[in-house]
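Take a look at the structure below.
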Amino acid sequence: PKPAPTPAPAPVEPAPHAPQAAPAPIPAPPAAPPPPAPAPPAEPRTVPSTAVRYLSKPAPIYPSYSRRLGETGRVVVRVLIDERGSPAKAEVQSSSGHARLDGSALAAVRAARFQPYTEDGTPRRVWVLIPIVFDLEN
């Protein structure tokens with residue numbers, strides 16, 4: 001008698017690969033804090049008009065119509081002088097009561113040039129009050 005055939009061994013399927021756990025991420029070193037922001041420049045302070053020197057003095061033009069009307073007055077202009085000695089901003093601090101005179105005073109101060117104001121040898125922005133007088137006698 002013939003021996004009974006032995007069943008062929010069933011093919012062994014390779015075991016599915018078990019998902020490997022990803023290696024734990026290495027924590028990054030803590031980021032260095034950003035450098036502190038530079039301090040904002042100090043607000044310009046007001047200095048007396050005698051603390052600044054003119055390179056070209058304000059020369060207001062007396063408006064001819066104001067002369068004819070006999071308008072006189074004193075305008076105080078508040079001017080911000082920058083580090084180069086230029087008027088960066090000008091505004092009427094105290095009005096003469098006449099818009100033409102106020103406008104002429106503003107124009108004159110804006111056209112003026114100053115020696116830069118310095119503290120400890122460093123140019124600084126400063127506010128200065130500049131009086132402009134409109135008098136028919138002068």
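The values are calculated or read from the model by the stated rules, or taken from the named source; none is laboratory data. What you see is a predicted model, and the numbers here were worked out from it, not measured in a lab. No Cβ is skipped: glycine too gets one built from the backbone with ideal geometry, and neighbour counts run over all protein chains shown.
Please find, within the stretch 51-70, the residue that is surrounded by the fewest Cβ atoms within 10 Å (Cβ to Cβ) out of those that are among the polar types (S, T, N, Q) and at pLDDT 95 or above. Explain how you work it out, then say what you get.
Of all residues in the stretch 51-70, those among the polar types (S, T, N, Q) come to 56, 64, 66.
Of the ones still in play, those that are also at pLDDT 95 or above are 64, 66.
Values: SER64: 9, SER66: 21.
Result: SER64.
Filtering the stretch 95-138 down to residues that are of a type in the set (Val, Ile, Thr) and surrounded by fewer than 19 Cβ atoms within 10 Å (Cβ to Cβ), which residue is nearest to VAL76 (Cα to Cα)?
Selected residue: VAL133.
Would you point out the residue of the stretch 70-118, among those that are β-branched (Val, Ile, Thr) and more than 28 Å from LEU136 (Cα to Cα), that is nearest to the chain's Cα centre (by Cα)?
In the first step, residues of the stretch 70-118 are kept if they are β-branched (Val, Ile, Thr); the result is 72, 75-77, 79, 81, 92, 109, 118.
Okay, now just the ones that are also more than 28 Å from LEU136 (Cα to Cα), so 81, 118.
On the way: ILE81: 15, THR118: 20 Å.
This residue is ILE81.
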